[in-house]
Amino acid sequence: ELANYGEYSGNPTRAETREYVKTVFDLMTRSRHPQGDKILIIGGAIANFTDVAKTFEGIIDAMKEYADKLKEVGVKIYVRRGGPN
């Protein structure tokens, strides 16, 4: 059951990515799912102009801030991302 879909592109900065991911995490951690864990998939094909390393720094920043809440509500995160950077 897909609850939501979001996307970022256009070579966002670390800070822009962090704020985007914090919004997603905030929404995901407001409650537990009654039938089990919530799943977040971070995916993407080859990013020709997005600095994948820079955006993942923003994702990791947000994960550090929300780690306890993510664990508390049972969020599982899967990543599949590629790119030249």
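Give the stretch 63-85 a look and list any residue that's at pLDDT 90 or above and part of a strand (DSSP E or B), or say none. Talk me through it step by step, then tell me what you get.
Initial filter on the stretch 63-85 (at pLDDT 90 or above): 63-78.
Of everything in the stretch 63-85, those that are at pLDDT 90 or above and part of a strand (DSSP E or B) turn out to be Val75, Lys76, Ile77, Tyr78.
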Item to complete: Please determine, by comparing only the residues of the stretch 38-50 that are open to solvent by 40 Å² or more (accessible area, probe 1.4 Å) and modelled with pLDDT of 85 or more, which one is farthest from Asn11 (Cα to Cα).
Response: Ile39
Worksheet item: List pairs: first in the stretch 53-67 and acidic (Asp, Glu), second open to solvent by less than 50 Å² (accessible area, probe 1.4 Å), Cβ under 9 Å, 6+ apart or cross-chain?
Response: Glu57/Thr17; Asp61/Ala15; Asp61/Thr17; Asp61/Val21; Asp61/Lys22; Glu65/Lys22; Glu65/Phe25
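The values are calculated or read from the model by the stated rules, or taken from the named source; none is laboratory data. The structure presented is a predicted model; accordingly, all values stated were derived computationally and were not measured. A quick note on method: Cβ atoms are made from the backbone with ideal geometry, for glycine too, and the neighbour counts reach across all protein chains shown. Remember, those area values only see protein heavy atoms, side chains included, never the ligands or the DNA or RNA. Shrake-Rupley method; radii C 1.70, N 1.55, O 1.52, S 1.80 Å.
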